[in-house]
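Undergrad: The following block contains the structure, expressed as structure tokens.
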Amino acid sequence: MEHSAGIVLRPGRKFRASLGSDRITEYDAPVGCLIINPAGVDSTFAWSETRENAVVSISPEALSELAAHESDRADVELEPPAFGTVDLRALNIAQMITAELTGALPPNELYLDSLLTVFGVHLLRTYTSRSRQAVSPKGGLSAVGARRVREYLDENFARKVMVAELASVAGVSPNHFIARFARTFGMPPHRYLINLRLDLAEKLLAGGELAVAEVAYLAGFSDQSHLAATMKKYRGRTPTKAGYASPRN
């Protein structure tokens, strides 16, 4: 069982719901309305018209791990808000997740993991008994932490990399890692990862010895079209052999 949070992306009327009891509540749901269903809590939801929601799920284990970094206590319980509650911060994160999942490019796994980490921290800080105001990190990564992360990404950028993994390498908590990384490197982790992948792809393409599909695989892209679309978006060109062929005598 997982915790789930539903965020309304299009307003709806006459939602009927119950959570943890047999009592049915009817309410209108504006954009940004947030419904939290803790793992293991019985619930019912009904609606009379087409709805558009984003649903974010997080395992109790993952939330407990985040909580341990947040307050040194992993035993937290989610406290769902009243039906009809609007949460604009949750809406903003949900919209970014939805945009990434429905965009023209395949979703970037590190970016999605970053958004899910931020969302989980938001739930902890807003909807648990140990809720507290967010404290943004003031500085970047330490020199040692930055060096370790840079070296780790240089060796592992072509595979799936997650926020908690990088945070552990840097020696900071996952919820602070994203902001500290951006302060240190001038860009978020997923963009740094994309740059490493594109740098390798361009180097291999310039050699002119490998097919574009093989270059895409070696550089960590899902396929040739993924490489082409990403390169077009971030470098303004496409991986045609003609454009990257090395001069030959």
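Undergrad: Seen from all sides and averaged, what is the projected area of the convex hull of the Cα atoms in the chain, in nm²? Please report the intermediate quantities before stating the final value.
TA: Working: hull surface 64.3 nm².
Result: a mean projected hull area of 16.1 nm².
Undergrad: Run the numbers for residue 1 and residue 235: contour at 0.36 nm per residue of separation, minus the present Cα-Cα distance, in nm.
TA: Numbers: separation 234, 0.36 × 234 = 84.24 nm, distance 4.23 nm.
Result for the pair: 80.0 nm of gain on full extension.
Undergrad: Quick one: compute a quarter of the convex hull surface over the Cα atoms of region 3-126 and quote it in nm².
TA: Values: hull surface 31.5 nm².
Averaged projected hull area, Cα only: 7.9 nm².
Undergrad: What is the distance, in nm, between label points placed 7 Å from the Cα along the Cα-to-Cβ direction at residue 44 and at residue 168?
TA: Going from the residue 44 label point to the residue 168 one covers 4.3 nm.
Undergrad: May I pose another question? Summing -39500 (n - 2.57) over the DSSP H runs of n ≥ 4 in the chain and dividing by its residue number, what mean residue ellipticity at 222 nm do you reach, to the nearest 500 deg cm²/dmol? Show your work: numbers first, answer last.
TA: On the way: 10 runs with 121 residues, N = 249.
-15000 deg cm²/dmol, from helical runs alone.
Undergrad: Something else about it: How long is the gain from residue 146 to residue 51 if the chain were fully straight, where each residue apart is worth 0.36 nm and the alpha carbon distance is subtracted?
TA: Net length gain for the segment: 29.8 nm.
Undergrad: Continuing with this model, one more query. Please give the charge dipole size of region 196-238, origin at the Cα centre, charges +1 on K and R Cβ atoms and -1 on D and E Cβ atoms. Round to the nearest 20 debye.
TA: Details: 6 positive and 5 negative charges, 56 e Å.
Dipole about the Cα centre, nearest 20: 260 debye.
Undergrad: OK, next. Provide the three semi-axes, in whole Å and in decreasing order, of the ellipsoid equivalent to region 188-243 as defined by the square roots of 5 times the Cα gyration tensor eigenvalues.
TA: Values: eigenvalues 57, 26, 20 Å².
Value: 17, 11, 10 Å, ordered largest first.
Undergrad: Can you order the peptides 3-9, 84-90 by their average number of other Cβ atoms within 10 Å per residue, highest first?
TA: Details: 3-9: 21.4, 84-90: 17.0.
Ranked by mean Cβ neighbours within 10 Å, highest first: 3-9, 84-90.
Undergrad: Choose one of 146, 63, 93: the residue whose Cα lies farthest towards the positive end of the charge dipole of the chain (beta-carbon charges +1 Lys, Arg; -1 Asp, Glu; about the Cα centre).
TA: 146
Undergrad: Computed over the Cα atoms, what is the radius of gyration of region 148-249 divided by 2.2 N^0.38 Å, N being its residue count? Don't skip to the end; give the middle numbers.
TA: Values: Rg = 15.3 Å, N = 102, 2.2 N^0.38 = 12.8 Å.
That works out to 1.20 for region 148-249.
Undergrad: Follow-up. Just to verify a number: FRET efficiency for residue 155 and residue 224, C-beta to C-beta distance, R0 = 30 Å, to 0.05?
TA: Numbers: r = 24 Å, r/R0 = 0.81.
It comes to 0.75.
Undergrad: By Kyte-Doolittle mean hydropathy of at least 0.5 and Cα axial length of at least 18 Å, which whole DSSP H helices of the chain are selected?
TA: Numbers: long enough: 88-102 (21 Å, 0.75); 109-126 (25 Å, 0.86); 143-156 (20 Å, -0.96); 189-207 (28 Å, 0.05).
Taking the DSSP H segments of the chain (at least 18 Å long, mean hydropathy at least 0.5), we get 88-102, 109-126.
Undergrad: Right, next: Please report 192, 27 as a ranked list, fewest other C-beta atoms within 10 angstrom at the top and most at the bottom. Don't skip to the end; give the middle numbers.
TA: Numbers: 192 21, 27 16.
Lowest to highest Cβ neighbour count: 27, 192.
Undergrad: Quick one: net charge around residue 109, please, counting Lys, Arg +1 and Asp, Glu -1 for every other residue with C-beta under 11 Å from its C-beta.
TA: Values: positive: 159, 160; negative: 100, 113.
Summing Lys/Arg as +1 and Asp/Glu as -1 gives 0.
Undergrad: Would you mind counting up the charge near residue 11? Only other residues with Cβ under 13 Å from its Cβ, with Lys and Arg at +1 and Asp and Glu at -1. Write down the numbers at each step before the final one.
TA: Values: positive: 10, 13, 14, 51; negative: 28, 49, 52.
Cβ neighbours under 13 Å give a net charge of +1.
Undergrad: So for each of 13-24, 106-117 I average, over its residues, the number of other beta carbons within 10 Å; can you give me the resulting order with the highest mean first?
TA: On the way: 13-24: 13.2, 106-117: 18.7.
Going from most to least packed, we get 106-117, 13-24.
Undergrad: I need the semi-axes of the equivalent ellipsoid of region 143-186: take the C-alpha gyration tensor, multiply each eigenvalue by 5, square-root it, list largest first in whole angstrom.
TA: Values: eigenvalues 45, 28, 18 Å².
Semi-axes (√(5λ), whole Å): 15, 12, 10.
We did not get these values from a lab; they are worked out from the coordinates using the rules stated. It should be emphasised that the depicted structure is a prediction, and the values quoted were computed from it without experimental measurement. Heads up, the Cβs are rebuilt from the backbone with ideal geometry, glycines too, and the neighbour counts pull from every protein chain shown.
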